[in-house]
Amino acid sequence: METNPIRPTDDQARELARRLIAQMRHAALGTLDSESGIPLVTRIAVQADADGTPLALLSGLAAHSRALAADPRVGLLVTDDAAAKGDAMTHARLSILANAELAPPDPQRRDRWLARDPKATVYIDLPDFRFWRLVPVSALLNGGFGRAFHIQPADMVKPPVA
């Protein structure tokens, strides 16, 4: 008899998914190479947008940007950067399936980004850099050994303000 390793999604899982997104600074981005169709995985700078949606600041010269222009489907792996010690396979991680979309220009978005990453001042205003919103479709949260959950978009982005 096969055992399903996925637990029912609970408030603790939702809180962990939101924390991982809120604290992320870098992530692994999976795109489909526009020439070969083979998955390409790169490390990118990423933060949460105002609503908690993952937000990437990408150069249009990068292979992943060309891939996004051809096919917006992405995978994003966010890890718990605070868990630097011990077995990495026991650290929390969130694998997000998303659709990438160019974010409209927004001075507040730029200011929020620079508040968390002041070194980005060097390149944020270069003409080829753009913000991409990585809009979640679903995710798999691994909260540590034996703690796996299916996560829906509402479970990982900030709840709407009433």
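Summarising the amide proton neighbourhood of S138: residues at separation of 5 or more, or on other chains, whose placed amide H is nearer than 5 Å comprise L97. Per the Debye formula on identical point scatterers at the alpha carbon atoms of the chain, with no solvent, log10 I(q)/I(0) at q = 0.15, 0.17, 0.20 Å⁻¹ is -0.83, -1.04, -1.33. If a paramagnetic tag sat 7 Å from the Cα of R116 along the Cα-Cβ line, which residues of region 14-32 would have the backbone N under 11 Å from that point? Of the residues in region 14-32, 19-27 have backbone N under 11 Å from the label point off R116. Scanning residues 5 or more positions from T53 or on other chains, those with amide H under 5 Å from its amide H are K158, with H placed 1.01 Å from N in the peptide plane.
Distance distribution P(r), region 1-80, all Cα-Cα pairs, bin width 5 angstrom from 0: 3, 14, 21, 19, 15, 13, 9, 5, 2, 0, 0 percent. Ranked by the mean number of other Cβ atoms within 10 Å of their residues, highest first, the peptides 150-157, 24-31 fall in the order 24-31, 150-157. Taking only protein heavy atoms and a 1.4 Å probe, the accessible area of the chain is 59% carbon and sulfur. Shown here: region 66-153, whose C-alpha atoms stretch 45, 30, 22 Å along the first, second and third principal axes, sorted largest to smallest. As a length-normalised measure over Cα pairs under 8 Å and 6 or more apart, the relative contact order of the chain settles at 29 percent.
The values are calculated or read from the model by the stated rules, or taken from the named source; none is laboratory data. Everything numeric here is computed off the predicted structure, so don't read it as measured data. With ideal geometry, Cβ positions are generated from the backbone for all residues, glycine too; neighbour counts draw on all protein chains shown. Keep in mind that these areas ignore ligands, DNA and RNA; they rest on the heavy atoms of the full protein, side chains included. Shrake-Rupley method; radii C 1.70, N 1.55, O 1.52, S 1.80 Å.
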